Amino acid sequence: MNYIVFDLEWNQCPYGKERENRRLPFEILEIGAVKLDENRKIVDSFQEVIKPAVYKKLHFRTREILDLDARALNRGCPFPKAVKKFFAWCGEDAKFCTWGSSDLVELQRNLKYYNLLYLLKGPVFYYDIQKLFGLVYEGEKTSRSLEYAIDFLDEGKEGKFHRALNDAYYTAEIFQKLPKAAVEEYESIDCYQNPKSRSQEIQIIYPGYSKFISREFPSKEDAMKDREVTRTKCFLCGETARKKVRWFSVNPKSNLCLAFCPEHGYFKGKIRMKRTDEGKYYVIKTLKLIDLEEAAAIREKKELLRKKRRMKRHQEKEEKTERGGKTSLYGSTSKSKRK
């Protein structure tokens with residue numbers, strides 16, 4: 001098996017979001033990658049500049065960040081040809097590694113735009129080096145920049161950031177320093193190509209928490225009616241953890257609950273709603289082992305939200321009553337004039 005550490009640079013619509021191509025909000029301009037063997041030793045590299053076909057003018061932010069001019073881009077390779085070369089170079093037995101989750105999403109979105117999504121079947125299991133860096137060196141998931149991580153580990157800066165191949169090398173250097181056990185324990189799942197049926201749903205256990213990825217549903221409401229989506233099962237013993245605080249909405253995209261297992265204690269349940277490009281929904285549910293203080297915080301959060309919503313309803317009722325009173329007053333004045 002080989003590890004493929006890759007990085008992408010992309011452009012967006014230079015004329016504003018209202019004129020962007022909704023099927024391709026970000027167009028890939030460069031692919032850079034480093035290949036490591038099973039011992040995480042660098043054995044090869046790949047770089048390809050891509051000729052833009054959708055957004056031929058660079059967005060001002062892209063010009064500021066990316067060290068590529070129009071002439072270099074015009075000499076680039078068309079995306080379909082470049083990406084086929086990339087996958088051929090990767091080989092069949094490859095595990096992808098990226099800094100953060102966005103590169104894999106945009107790679108698949110560009111593949112889909114050109115009807116090439118068959119080249120990378122999903123959901124894609126990969127290593128998120130940004131997440132792993134946070135877990136190993138800071139004790140939690142963080143969103144540190146690549147440059148921050150290089151400085152933290154006191155690695156040299158031999159090339160500019162925001163060039164795909166340079167960033168791939170920097171990411172590979174960090175990957176080489178991560179403990180192998182931590183890497184394997186916290187494998188990530190990219191769900192741009194999400195499960196389509198119940199048989200494809202994913203259940204995976206990590207240290208301290210479990211993750212469930214559902215099939216598609218027509219709406220958020222349909223998703224929350226599904227028994228498997230709302231179920232709280234202790235991932236340590238397999239028994240049902242009874243809900244002490246039932247699922248409640250935190251915002252339009254997430255729900256929380258508090259569950260309890262007599263043997264292992266409290267669990268925080270979190271449901272995140274994900275919308276597909278086609279307008280359907282699927283769920284990413286996590287169940288995390290927590291302490292009494294965190295359990296109390298969930299109870300408090302629900303009570304606070306309940307009070308805020310009750311107050312909002314009360315204010316809306318008062319405003320409606322006030323508007324109704326004004327209408328009635330104007331109406332009676334109008335009638336008196338007609339008389």
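The values are calculated or read from the model by the stated rules, or taken from the named source; none is laboratory data. Every value quoted in this text rests on a predicted model; they were computed, and no experiment measured them. No Cβ is skipped: glycine too gets one built from the backbone with ideal geometry, and neighbour counts run over all protein chains shown.
Quick one: how many residues across segment 137-191 are among the acidic types (Asp, Glu), assigned to a loop (DSSP other than H, G, I, E, B) and over 21 Å from the mean Cα position of the chain (by Cα)?
Of all residues in segment 137-191, those among the acidic types (Asp, Glu) come to 138, 140, 147, 151, 154-155, 158, 167, 173, 184-185, 187, 190.
Subsequent filtering for residues that are assigned to a loop (DSSP other than H, G, I, E, B) retains 138, 140, 154-155, 158, 187.
Retained after the next criterion (residues that are over 21 Å from the mean Cα position of the chain (by Cα)): 154-155, 158.
Summing the residues that are among the acidic types (Asp, Glu), assigned to a loop (DSSP other than H, G, I, E, B) and over 21 Å from the mean Cα position of the chain (by Cα) in segment 137-191 gives 3.
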Kindly indicate whether Lys177 is within 22 Å of Ile298 (Cβ to Cβ) and surrounded by 13 or more Cβ atoms within 10 Å (Cβ to Cβ).
no
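Taking the condition assigned by TED's automatic domain parsing to the domain that holds Glu173 and either under 24 Å from the mean Cα position of the chain (by Cα) or under 12 Å from Ala172 (Cβ atoms) (or both), does Asn39 pass?
Numbers: assigned by TED's automatic domain parsing to the domain that holds Glu173: yes; either under 24 Å from the mean Cα position of the chain (by Cα) or under 12 Å from Ala172 (Cβ atoms) (or both): no.
So Asn39 fails the test.
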Please enumerate the residues belonging to segment 234-263 that are in contact with a Phe, Trp or Tyr (Cβ under 9 Å, 6 or more places away or on another chain) and of a type outside the set (Gly, Ala, Ser).
Cys234, Phe235, Arg242, Lys243, Lys244, Asn255, Leu256, Cys257, Leu258, Phe260, Cys261
Of all residues making up segment 191-222, the number that are more than 20 Å from Lys112 (Cα to Cα), among the hydrophobic types (A, V, I, L, M, F, W, C) and in contact (Cβ under 8 Å) with a residue 60 or more places away in the chain:
4
Across segment 1-35, what is the total count of residues that are crowded, with 20+ Cβ neighbours inside 10 Å and in a strand (DSSP E or B)?
19
Considering only segment 47-90, how many residues are farther than 26 Å from Asn2 by Cβ, β-branched (Val, Ile, Thr) and assigned to a helix (DSSP H, G or I)?
2
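So how many residues does segment 102-136 have that are of a type in the set (Ser, Thr, Tyr), assigned to a helix (DSSP H, G or I) and without any contact (Cβ under 8 Å) to a residue 40 or more places away in the chain? Spell out the reasoning first.
Going through segment 102-136, the residues of a type in the set (Ser, Thr, Tyr) turn out to be 102, 113-114, 118, 126-127.
Applying the additional criterion that residues be assigned to a helix (DSSP H, G or I) yields 102, 113, 118.
Within this subset, residues satisfying the condition of being without any contact (Cβ under 8 Å) to a residue 40 or more places away in the chain are 102, 118.
Of the residues in segment 102-136, 2 are of a type in the set (Ser, Thr, Tyr), assigned to a helix (DSSP H, G or I) and without any contact (Cβ under 8 Å) to a residue 40 or more places away in the chain.
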Check Lys95 against each of (1) assigned to a loop (DSSP other than H, G, I, E, B); (2) under 24 Å from Tyr186 (Cα atoms) and name the one condition it does not meet.
(1)
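Tally up the residues in segment 217-250 that are part of a loop (DSSP other than H, G, I, E, B) and exposed (fewer than 14 other Cβ atoms within 10 Å of the Cβ), please.
Residues of segment 217-250 that are part of a loop (DSSP other than H, G, I, E, B), as a first pass: 218-219, 226, 231-232, 234-239, 241.
After this cut, where a residue has to be exposed (fewer than 14 other Cβ atoms within 10 Å of the Cβ) as well, the list is 218-219, 237-239.
Of the residues in segment 217-250, 5 are part of a loop (DSSP other than H, G, I, E, B) and exposed (fewer than 14 other Cβ atoms within 10 Å of the Cβ).
Is it the case, given these coordinates, that Phe79 is in contact with a strand residue (DSSP E or B) (Cβ under 7 Å, 6 or more places away or on another chain) and surrounded by 21 or more Cβ atoms within 10 Å (Cβ to Cβ)?
Values: in contact with a strand residue (DSSP E or B) (Cβ under 7 Å, 6 or more places away or on another chain): yes; surrounded by 21 or more Cβ atoms within 10 Å (Cβ to Cβ): yes.
Yes, satisfied.
Quick one: in segment 102-126, which of the residues that are polar (S, T, N, Q) and touching a helix residue (DSSP H, G or I) at 6+ places or on another chain (Cβ under 8 Å) is nearest to Phe26 (Cα to Cα)? Even if it seems obvious, please write down each step before you answer.
So in segment 102-126, the residues polar (S, T, N, Q) come out as 102, 108, 110, 115.
Narrowing the set further to residues that are touching a helix residue (DSSP H, G or I) at 6+ places or on another chain (Cβ under 8 Å) leaves 108, 110.
Values: Gln108: 11, Asn110: 8 Å.
Residue satisfying both the conditions and the ranking: Asn110.
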